[in-house]
There are 2 protein chains.
Amino acid sequence: MSPADGGAAAAPGAADLGALTAELIAVPSVSGDEGALAARVAARLAAAPGETFRHGNNVVHRGPRRPGRPLVVLAGHLDTVPPQGNAAPRFADGRLYGRGASDMKSGLAVMLALAGGAGPAPPAEAARYDLAWVFYECEEVAFERNGLRRLWSELPWLAEAALAILLEPTDCAAELGCLGSLHAELTVRGRAAHSARPWLGENALYRALPLLARLAAVAPREVGVGGVTYRETLQVTTARCGGGRNVVPDAFTCNVNLRFAPTRGAEAAAAELRALAGADAEVAVVDVSPAAPPAAEHPLVAEFLARFALPRRAKQAWTDVAQFAARGVPALNFGPGVPETAHQADESVPLANLERARAVLRDFLWTAGGEGA
Amino acid sequence: MSPADGGAAAAPGAADLGALTAELIAVPSVSGDEGALAARVAARLAAAPGETFRHGNNVVHRGPRRPGRPLVVLAGHLDTVPPQGNAAPRFADGRLYGRGASDMKSGLAVMLALAGGAGPAPPAEAARYDLAWVFYECEEVAFERNGLRRLWSELPWLAEAALAILLEPTDCAAELGCLGSLHAELTVRGRAAHSARPWLGENALYRALPLLARLAAVAPREVGVGGVTYRETLQVTTARCGGGRNVVPDAFTCNVNLRFAPTRGAEAAAAELRALAGADAEVAVVDVSPAAPPAAEHPLVAEFLARFALPRRAKQAWTDVAQFAARGVPALNFGPGVPETAHQADESVPLANLERARAVLRDFLWTAGGEGA
């Protein structure tokens, strides 16, 4: 019996992965409040072979290191966006509903199962690669709070990985690279006046209308690279103006979110926005998350894509594959969650996806090519 | 020596009115926090002949009632908008600067001086009319908090007045009637989506742009009535949208302030706004303050206008003349403050205006026509 066969025989079935995902959903973990979930994950990993580290609300588990063996990292964030009446897990119609069902407690459940933190699992020392699991905090908020960020200095060996797989929701497709994301505040100035004497001022919102029309006219643009197609988008996402309801507003400020393909860097994205703003607005770049290239030619990524008949597409969002890519670690997104339901009130995951994601990863990590699914 | 001469001889000069205004500026009285100023005014009125009532932070002073004698009310609000680095009074270049210098602590100082609350003054029992002084709270905020509102039930004799003079800033002009003011919230709906997948949603701000263009195109309109000209205005004063900077906004909401002439009522103003909104927005009228007619034909108003060579114009704002007008009391605005500096960081009043305003009112109230200034 090969270790892979043994692992497969002893693995719990899809129903158990559903129960495990429901257990994780039932521990709320809105960004900044991941302590209870980190403790639950760490407790489960205590039963698994290997070492477990905790840094803040980041939990990292590592199997045995074997000289010369490439390291593969499985990574996922513990936090969710706030619940929308969907805090409690609920099974219906072959799906599991609840906050984080897709983004990404189903991915965390698969990670835990593969680590041996949820019943019998294939032994890490029988894997084709050295393995590490990274459960981290604060992915859904501003990049400076991102839990993975601090781990690069605390666990420098992470950057030596040969491959990282982010179990972000992809509906069991291989989603390559990621879009970059730039947030900028655009401010248009006017001059305040009493609203009964508007001719003494200049309405900043009215002055902003030509600029807003230009921004609204920017349609999504397809950018093909590495065999997949990204869609660049630009949206005004928040806006505010007004110092009082009797006052002609002297400033209009909006947040623009520009998602850009890995064919260009943050500077080029910022330059596009400044050109759109022209002389009409002050542009303050608030933060930038770089894009990550598809890395489809990298041998491990290529093997992953070749072995499994997975849909392959661009990651139409920003994910932490970009942090790995920035350190030279090829990375891809592959997880059971369904991206279209992420951050929605009806967030859910098909139960069949859980077992499918686990089977693909188990075969890839434990079984040499040709023996796989 | 006539009482009027005696009063004039004994009255403090313009410098004293400046000091009194500065004293009132130095007692902060932002809306909702008028207690200290109300106490100061009540203490000064304690030295004046007549009765003083206090209701909340409203202070009302009444001279002797004489059967058959018409009642004239002088009224002014105690509150100011919040300071903008101008809380402390400061004299420079023949002007007094500071929060409330124009709107309307200079008017309050003239009222106090005429009541005898700031040194010798013409005696109320020598006046041509019975006299009352109303110092009230919360004029600069939503109408439901307006201090004058509650006085109609607590002091019903106020509505028996033959004339009310509001010492709002008019730069010593007679400003007749007032504009009505309607505030409405307009909401345009969209559909939320992740900002990297905007084609799954509909940006509410973008949907609002045609409506905003229509609103911005509404220019001030002149409306002549009663020998003066009002300018109707419509302005979007505040706006907001966005539930998160990664989210295509599902709603855009703005406040529209419509100032309308006394030739039409609130219903007609609301109907105009609804027609502008059409099917693009939900319209919720938040509050309405009715307009007041010029009342230039009323005998006491006509006498006031005829006796003094005052500039005469429409009140291009809403004031509490509307509350008097709604109860059948003709009312006009006449005060030393300068409307253009009201609510501005450089709010100020020319010191010469203080004595001018007092002289006009003293002559009108104490001296029969022909003997006046």
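We did not get these values from a lab; they are worked out from the coordinates using the rules stated. Worth saying up front: this structure is predicted, and the values here are computed from it rather than measured. Positions of Cβ are backbone-derived with ideal geometry, glycine not excepted, and every protein chain shown enters the neighbour counts.
Suppose you put the label 7 Å out from Cα in the Cβ direction; list, shortest first and in nm with one decimal, how far residue A:120 is from each other copy's label.
Nearest first, the other copies' label points are 11.1 nm away.
For region B:51-174, what is the Kirkwood hydrodynamic radius in Å, using each pair of distinct C-alpha atoms?
The Cα-based Kirkwood calculation yields 15.6 Å.
Determine by what factor the alpha-carbon radius of gyration of chain A differs from 2.2 N^0.38 Å, reporting the quotient.
1.10
For B:173-183, what's the mean count of beta carbons from other chains sitting within 10 Å of each residue's beta carbon?
For peptide B:173-183, the averaged partner shielding equals 1.
Defining a contact as two alpha carbons under 8 Å apart and six or more residues distant in sequence, what relative contact order in percent does region B:194-286 show?
Here the relative contact order equals 28 percent.
Which distances, shortest first and in nm, link residue A:93 to the matching position in the other copies, using label points set 7 Å out along Cα to C-beta?
Inter-copy label distances (nm, one decimal, shortest first): 7.2.
With N set to the residue count of region A:152-282, report its C-alpha Rg divided by 2.2 N^0.38 Å to two decimal places.
Here the Cα radius of gyration is 1.46 times the empirical estimate.
What is the helix-to-structure angle for B:204-216, meaning the angle in degrees between its Cα long axis and the longest Cα principal axis of chain B, kept from 0 to 90 and rounded to the nearest 10?
Here the helix axis deviates by roughly 40 degrees.
Lys and Arg at +1, Asp and Glu at -1: add these up for the other residues within a Cβ distance under 12 Å of residue A:329 and post the number.
Overall, the nearby charge balance is -1.
Would you mind computing the Rg to Rh ratio of region B:141-195 from its alpha-carbon coordinates, Kirkwood style for Rh?
1.25
For region B:211-239 and region A:71-147, what is the separation of their Cα centres, given in Å?
57 Å
Please pull out the direction-averaged projected area of region A:23-110, using the convex hull of its alpha-carbon atoms, in nm² to one decimal place.
Hull-based average projected area comes out at 6.7 nm².
Which shape class, rounded, prolate or oblate, goes with region A:284-334 when its Cα gyration tensor gives a ≥ b ≥ c as root eigenvalues, a/c under 1.5 marks rounded, and past that a/b bigger than b/c marks prolate?
Prolate, because a/c is 1.5 or more and a/b exceeds b/c.
Once you average over the residues of B:245-256, how many Cβ atoms of partner chains fall within 10 Å of each Cβ?
5
Note the angle between two axes, namely the Cα long axis of helix A:14-25 and the longest principal axis of the Cα atoms of chain A, as a number of degrees from 0 to 90, rounded to the nearest 10.
Taking the Cα atoms of chain A, the angle to A:14-25 is about 40 degrees.
For the protein assembly as shown, rounded, prolate or oblate, judged on the Cα gyration tensor with a ≥ b ≥ c (square roots of eigenvalues), a/c < 1.5 rounded, else prolate if a/b > b/c?
Prolate is the answer for the protein assembly as shown, as a/c is 1.5 or above and a/b outweighs b/c.
Looking at chain A only, what percent of DSSP beta bridges run antiparallel? Nearest 5 please.
75 percent
If you count, for each residue, the other Cβ atoms within 10 Å and average over each peptide, how do B:146-153, A:305-312 line up from highest to lowest?
Highest to lowest by the protection proxy: B:146-153, A:305-312.
Quick one: what do you get for region A:69-110 if you divide its Cα Rg by 2.2 N^0.38 Å?
It is 1.45.
Could you tell me how many degrees, from 0 to 90 and to the nearest 10, lie between the Cα long axis of helix B:266-277 and the main elongation axis, the longest principal axis, of the Cα atoms of chain B?
Compared with the principal axis, the helix lies near 30 degrees.
To the nearest Å, what is the center-to-center distance of region B:316-373 and region A:298-369, using C-alpha atoms only?
Taking the Cα centre of region A:298-369 as reference, the centre of region B:316-373 is 75 Å away.
Report D for region B:313-368 in µm² per second (integer): Stokes-Einstein, Kirkwood Rh on Cα pairs, 37 °C, 0.692 mPa s.
The diffusion coefficient I find is 247 µm²/s.
Once you list every other residue whose beta carbon is under 13 Å from the beta carbon of residue B:127, what net charge do they have if Lys and Arg are +1 and Asp and Glu are -1?
Taking every other residue near residue B:127 into account, the sum is +3.
Straight-line reach from residue A:105: which aspartates and glutamates have a Cα under 12 Å away, not including same-chain ones fewer than 8 places off?
A:23, A:79, A:168, A:347
Mind giving me the FRET efficiency for residue B:39 and residue A:229? R0 is 51 Å, r the Cβ-Cβ distance, nearest 0.05 is fine.
0.10
What is the average number of partner chain Cβ atoms found within 10 Å of a Cβ in B:228-240?
Mean shielding count: 6.
Tell me, what is the percent relative contact order of chain A, built from C-alpha pairs under 8 Å that lie six or more residues apart?
24 percent
With chain A rotated onto chain B, spot the residue of A whose Cβ lies nearest the axis and note the distance in whole Å.
With distances in whole Å, chain A gives A:240, 3.
Just the Cα atoms of region B:250-373, one point each, no solvent: what log10 I(q)/I(0) does Debye give at q = 0.12, 0.15, 0.16 Å⁻¹?
Log10 of I(q)/I(0), two decimals: -0.64, -0.88, -0.95.
For residue A:289, what is the net charge nearby, where nearby means another residue's Cβ is under 15 Å from its Cβ and Lys, Arg count +1, Asp, Glu -1?
Net of charged neighbours comes to -1.
Tell me what chain A gives for mean residue ellipticity at 222 nm when only DSSP H runs of n ≥ 4 count, each as -39,500 (n - 2.57), the sum divided by the residue total, rounded to 500 deg cm²/dmol.
So the helix-based figure for chain A works out to -8500 deg cm²/dmol.
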